[in-house]
Amino acid sequence: MLRLSLCFAIVVGALVLAPAALADGPLLVTQGGAGTVSHDGAFHYVTVPNGTSGTLLEKIDAHSRVYWWMRLSGSWGTPTVGNGAVSGQGLARDGRTLVLASLSGPFASRSRFLVVDPHRMKVLRMVALKGAFSFDAISPHASRMYLIQYTSQTDLGHYIVRAYDLRTNRLLPGKIADRREDEDTMAGYAQTRTTSADGRWVYTLYQKPNGEPFVHALDTVRAAAYCVDLPSSPRTNQAVYNLVLSLGNHDRTLAVHWRSGRPWLNVSVGSWRVSSPGAGFPWAWVGAGIAGALALLAAGALLLRRRRSEKVHEHTGQELGLA
């Protein structure tokens, strides 16, 4: 049975005017469910309650068998993005570091995160921070953890992204923001996300308070961020929750498409140019048409040549009295 943290109820109450968004940033923390999936899909790391004040972290294989489990003191869950359609977050690409979040939520006396080594079944450290923080992402080799810091307890839609150095155990100064934009805070509600194959880039689809969609691209290695605004319309804004992100072309193209599979937009990674799939002059179709026309002309010419040859043979046979 899926157990949602108290912070989920807080977010739902705060987002009455934005029913499509269940959380801003990965604020939702869950127990049970699919948990966090390993990169190869072989295992799920799932947290379940253990008594009134404890947690079991279970490693479950593809056949739903518990591979191992470990007891944790306190109530911990898996950070989950937006509407929960994306599998849990917090597992580094190398598979050796898993971050869990406290079920008490970011507005407790301190924001708490538990860092676990799932290979050795060992708790590495607990991170406790003054202020309201929720988990956002982790770098491929777990050198840095990225957090969302809320700037107001009454307006959950405004926040900044911070970096925490897991090697030195300290919150780094400053914020991670798009240098091309002069904004004090970010504003929006996370809907879904996808991550590059190497775990370096994390792409999150957000919806602004006014309904407009945008993609937040986070480089977890260089601690850089880019915000890409997407086309907005009343119809699209009402259905942002139904959009999905995926990567193609060797992670060079970010596709924004509907859950049905129908394509909508492509974002070129690096230049961050937004285009419609198949936009531009359809040279491929023109080329195919020309090739088809040439094939028909060639076939027609060959048929005409054969008919002329048959008439020549027929005429020759008549002159020789063979016909």
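The values are calculated or read from the model by the stated rules, or taken from the named source; none is laboratory data. These numbers were taken from a predicted model, which means no experiment stands behind them. As a convention, Cβ positions derive from the backbone with ideal geometry for all residues, glycine included, and neighbour counts pool all protein chains shown.
Here is how the numbers come out for the structure above:
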read-out	value
Filter result (in a loop (DSSP other than H, G, I, E, B) and under 11 Å from LEU28 (Cβ atoms)) within the stretch 59-84	VAL81, GLY82, ASN83, GLY84
Test: ALA101 is in a strand (DSSP E or B) and either under 16 Å from THR36 (Cα atoms) or outside the structural domain of LEU57 (by TED's automatic domain parsing) (or both)	yes
Filter result (touching a residue at least 40 places away in the same chain (Cβ under 8 Å) and of a type in the set (S, T, N, Q)) within the stretch 155-177	ASN169
Verdict on ASP136 being assigned by TED's automatic domain parsing to the domain that holds VAL66, of a type in the set (Asp, Glu) and surrounded by fewer than 16 Cβ atoms within 10 Å (Cβ to Cβ)	no
ILE148 under 26 Å from ASP94 (Cβ atoms), modelled with pLDDT under 95 and part of a strand (DSSP E or B)	yes
Residues of the stretch 189-210 satisfying the condition of being surrounded by fewer than 16 Cβ atoms within 10 Å (Cβ to Cβ) and touching a residue at least 60 places away in the same chain (Cβ under 8 Å)	ASP198
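Residues are listed down the side, and each one gets a yes or a no for (1) under 22 Å from GLY188 (Cβ atoms); (2) modelled with pLDDT under 65:
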| position | (1), (2) |
| --- | --- |
| TYR226 | yes, no |
| THR253 | no, no |
| GLY261 | no, no |
| ASN266 | yes, no |
| VAL274 | yes, no |
| ILE290 | no, yes |
| ALA293 | no, yes |
| HIS315 | no, yes |
| LEU320 | no, yes |
